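The values are calculated or read from the model by the stated rules, or taken from the named source; none is laboratory data. A quick note: this is a predicted structure, and the numbers were derived from the prediction, not measured. Here the Cβ positions follow ideal geometry from the backbone for every residue, glycine too, while neighbour counts run over all protein chains shown. Calculation scope for accessible area: heavy atoms of the full protein, side chains included, ligands and nucleic acids excluded. Shrake-Rupley method; radii C 1.70, N 1.55, O 1.52, S 1.80 Å.
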Amino acid sequence: MNRILVIAEHDQGHLKLATFAAAGFAQKVCAAAGGTFDFLLLGSGLAAAAEGLRRSGAAAVLVADSTELTQPLADRCAQVIADTVRARAATLVVAATSTFSKDILPRAAALLDAGMLSDVIDVRREGDDLTFRRVMFAGNVIATVQLDGPIKCVAVRSAAFAAPAATEALSPVEAVAVDAAALPKFAEFISRETKVSARPDATEARIIVSGGRALKNAADFERLVGGLADQLGAAVGSSRALVDSGITPNSLQIGQTGKVVAPDLYFALGISGAIQHMAGMKDTKVIAAINKDPDAPIFEIADYGLVADVYEAVPELMQKLKT
Amino acid sequence: MKILVPLKRVPDPDTKIRLKADGSGIETDGVKFAVNPFDSIALEEALRQREKTGAAEIVVVTIGGEECAEQLRTGLAMGADRAILVKTTANPDSLAVAKVLAAVCRKEQPAFVIMGKQAIDDDSNQAGQMLAALLGLGQITFVSKLELTDGNRRARCSRETDAGIENLTISLPAVLTADLRLNEPRYVSLPGIMKAKKKPLEELTPESLGVSAASRTRVLKLERPAGRKAGVRVKTVDELIAKLRHEAKVL
Ligand SMILES: Cc1cc2nc3c(=O)[nH]c(=O)nc-3n(C[C@H](O)[C@H](O)[C@H](O)COP(=O)(O)OP(=O)(O)OC[C@H]3O[C@@H](n4cnc5c(N)ncnc54)[C@H](O)[C@@H]3O)c2cc1C
Ligand SMILES: Cc1cc2nc3c(=O)[nH]c(=O)nc-3n(C[C@H](O)[C@H](O)[C@H](O)COP(=O)(O)OP(=O)(O)OC[C@H]3O[C@@H](n4cnc5c(N)ncnc54)[C@H](O)[C@@H]3O)c2cc1C
């Protein structure tokens, strides 16, 4: 029987949708191999977030609420996760892939002497064991793997798992005692430089408009990529080339070493299609590419390719979409 | 001050990855290998900190077969002072890598460890965080700016997260993992290569360090993902809109 702990992610109390995909993974394990799952929320002032987790079929919503956890610092969070895993005798710890989970879950795994798999896209029962599929080599290889040991940790790609259907019944909320004095405090938070954006997060959007080196400066990016995105209610993304040249912030980078997304529609505007970029978006349902080079590799994976200059085609697209 | 920089040997990021016919591994014949790009960034940062603070010994370490000496020599040619090869034929997973690195750290007692945030072959993004946990030290992942403070007893870092840049301080020793924008690694120079040949390269084994490189991960099979097929070329913006609206129905 699996006892699963799903680490819920939130941004200042706002739940990340990917958390529900992680719960979907947990449900899939339970359906295949039996078991139950709990959510674990860490932070402070979590009442609303906890409420938002009560209709997803969890046995319990565990809440570790402490002012010492207001910032998601790895040393503290990993300690609370490891303590909770031991107290609840959990056998499987799950989170959705993000910089939050990448920071804390491997640390918690090592505290528990547990093996961990990143970027899991599927799970199956095989005899008494679970078999996982995960992505490696910038999306060019899928590995089938098993994990030894009494406790397993996995980070799952949110696009690969559907959220659980909402339940009538409400999961009970339980407080997890946090011994604030005993938490490790190696790191101290100073500040966060977030750009407040009215646009949706790329990992949660149905449509993403993404720009590459073709965009010559931040104003052009904002006008063309941002403009088209706003018209469609879409998120914006960018290649690494633009992040490196300071035109876009790192939080917009899509790819092997940025965000991995799988929206319904992805516009690649002036992006060549390097394998490291494609690793972050090739599970998109429909890819539309505009590039002036007819041989750009992006056309090899695009559903619809238009050979054109983005400076001409995008304003025309915006104009004609109004009608 | 001593800085420890783990390096991993990985296929060059520009090589096309091919699988062996039986799916047991990747084809390594004719593949060019390199230092994991994130590890080059970590080493570059160690070199720059040495340039800033005056004195530091930089030790590069890798876990793997004889062939990994090549990447250690690259590290020495970039400017590291000495190298450690922990020889094993096992394919250690991130936890096993972290256990071996922890043993090396106990022996070497570095002021801090800086390493890549992820190896670009297996893409796990785990080893640094696990190492920090095993050593009972703090960690800062995805570092894009590093400044040593308080007489090298603390560090002030910026890190890249999904939500933007985060600024933190941390007590040293600690484990830091490097992100892409921390710096631009230098090229290896010819005099650097000549000097590297004379620098010490020590060989150890997991056994001699009193740890095991055995993995909890068992890779059963590798496959290619179902590829995407190229779609169609459209000639005009009008045609693109029509396809997205009426064929794909995504607008
Ligand atoms: C270890 C490592 C990790 C990496 N991780 C990532 C990652 O996570 N994400 C990522 O994106 N990259 C990543 N990269 C970088 C990647 O290899 C490419 O360099 C990058 O994606 C290129 O960005 P680009 O397509 O915008 O630029 P380019 O490759 O320069 O392409 C620009 C394209 O725009 C077209 N163009 C130019 N002007 C116009 C115009 N006016 N109209 C229309 N088209 C035009 C050109 O034909 C060209 O195809 C990584 C690289 C390494 C080594
Ligand atoms: C074809 C193939 C088959 C495999 N089969 C197995 C198997 O059957 N069983 C098994 O357990 N593993 C196997 N592995 C190995 C395993 O998948 C990874 O090597 C392991 O998970 C480490 O993950 P990572 O390299 O992504 O580390 P990450 O956690 O992404 O690495 C982060 C950082 O850790 C450091 N680091 C990582 N590795 C080393 C190293 N060796 N030396 C020095 N520093 C290092 C680097 O600084 C790196 O930047 C296989 C790998 C391949 C390619």
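Counting only residues that are under 18 Å from B:V5 (Cβ atoms) and of a type outside the set (G, A, S), which one in region B:182-192 is most open to solvent (accessible area, probe 1.4 Å)? This residue is B:Y187. Which of the residues belonging to region A:222-249 are small (G, A, S) and open to solvent by 10 Å² or more (accessible area, probe 1.4 Å)? Across region A:222-249, the qualifying residues are A:G227, A:G233, A:S239, A:A241, A:S245, A:G246. Return yes or no: is B:D93 of a type outside the set (K, R), away from ligand 1 (no atom under 16 Å from the Cβ) and closer than 23 Å to B:L137 by Cβ? Here the answer is yes, as B:D93 does meet what is asked.
Among the strands (runs of 3 or more DSSP E) lying completely within region B:185-251, list those that include at least 2 residues that are facing another protein chain (nearest Cβ under 7 Å). Of the strands (runs of 3 or more DSSP E) lying wholly inside region B:185-251, those with at least 2 residues that are facing another protein chain (nearest Cβ under 7 Å) span B:217-223, B:232-234.
Taking the listed residues A:G227, A:G273, A:G246, the one that is near ligand 1 (Cβ under 10 Å from one of its atoms) and out of contact with any strand residue (DSSP E or B) (no Cβ under 7 Å at 6 or more places or on another chain) is A:G273, with no other qualifying.
Are any of the residues in region B:71-89 within 7 Å of ligand 2 (Cβ to nearest atom) and either out of contact with any Phe, Trp or Tyr (no Cβ under 6 Å at 6 or more places or on another chain) or in contact (Cβ under 8 Å) with a residue 40 or more places away in the chain (or both)? Scanning region B:71-89, I find no residue that is within 7 Å of ligand 2 (Cβ to nearest atom) and either out of contact with any Phe, Trp or Tyr (no Cβ under 6 Å at 6 or more places or on another chain) or in contact (Cβ under 8 Å) with a residue 40 or more places away in the chain (or both), so the answer is no. State whether one or more residues within region A:117-135 are open to solvent by less than 20 Å² (accessible area, probe 1.4 Å), in contact with a helix residue (DSSP H, G or I) (Cβ under 7 Å, 6 or more places away or on another chain), more than 9 Å from chain B (Cβ to nearest Cβ) and assigned to a strand (DSSP E or B). Yes, there is a match, as at least one residue in region A:117-135 is open to solvent by less than 20 Å² (accessible area, probe 1.4 Å), in contact with a helix residue (DSSP H, G or I) (Cβ under 7 Å, 6 or more places away or on another chain), more than 9 Å from chain B (Cβ to nearest Cβ) and assigned to a strand (DSSP E or B).
Residues in region A:202-213 that are open to solvent by 40 Å² or more (accessible area, probe 1.4 Å) and modelled with pLDDT of 95 or more: A:R206, A:R213.
Within region A:174-196, being among the small types (G, A, S) and more than 10 Å from chain B (Cβ to nearest Cβ) holds for A:A175, A:A177, A:A180, A:A181, A:A182. Of note, B:I41 satisfies the criterion of being within 12 Å of ligand 2 (Cβ to nearest atom) and open to solvent by less than 60 Å² (accessible area, probe 1.4 Å).
Of the residues making up region A:166-201, those that are loosely packed, with under 13 Cβ neighbours inside 10 Å and part of a loop (DSSP other than H, G, I, E, B) are A:A166, A:T167, A:E168, A:A169, A:L170, A:P172, A:A177, A:D179, A:K195, A:V196, A:A198. Could you tell me which residue of region A:259-287 is nearest to the other protein chains (Cβ to nearest Cβ), considering only residues that are under 16 Å from the mean Cα position of the chain (by Cα) and of a type in the set (A, V, I, L, M)? Per the criteria, the residue is A:A279. For A:A21, the stated conditions hold: it is in contact (Cβ under 8 Å) with a residue 60 or more places away in the chain and in contact with a Phe, Trp or Tyr (Cβ under 7 Å, 6 or more places away or on another chain). Filtering region B:118-160 to residues that are part of a strand (DSSP E or B) and either at pLDDT below 95 or surrounded by 20 or more Cβ atoms within 10 Å (Cβ to Cβ) (or both) leaves B:G138, B:Q139, B:I140, B:T141, B:F142, B:V143, B:L146, B:A155, B:C157, B:S158, B:R159, B:E160.
Exactly one residue out of A:Y304, A:Y311, A:Y266 is hydroxyl-bearing (S, T, Y) and either at pLDDT below 95 or open to solvent by 30 Å² or more (accessible area, probe 1.4 Å) (or both): that is A:Y311. Look through region B:97-133, keep the residues that are more than 14 Å from ligand 1 (Cβ to nearest atom) and among the polar types (S, T, N, Q), and return whichever of them is farthest from the other protein chains (Cβ to nearest Cβ). Once the filter is applied, the top-ranked residue is B:Q109.
Candidates B:E202, B:E247: the one that is under 21 Å from B:V61 (Cα atoms) and open to solvent by 40 Å² or more (accessible area, probe 1.4 Å) is B:E202. Given the condition surrounded by fewer than 24 Cβ atoms within 10 Å (Cβ to Cβ), assigned to a helix (DSSP H, G or I), out of contact with any His (no Cβ under 7 Å at 6 or more places or on another chain) and within 13 Å of chain B (Cβ to nearest Cβ), answer yes or no: does some residue in region A:59-69 qualify? The answer is no; no qualifying residue exists. The residues of region A:11-26 that are under 17 Å from A:A47 (Cα atoms) and over 11 Å from the mean Cα position of the chain (by Cα), listed by number, are A:D11, A:Q12, A:G13, A:H14, A:L15.
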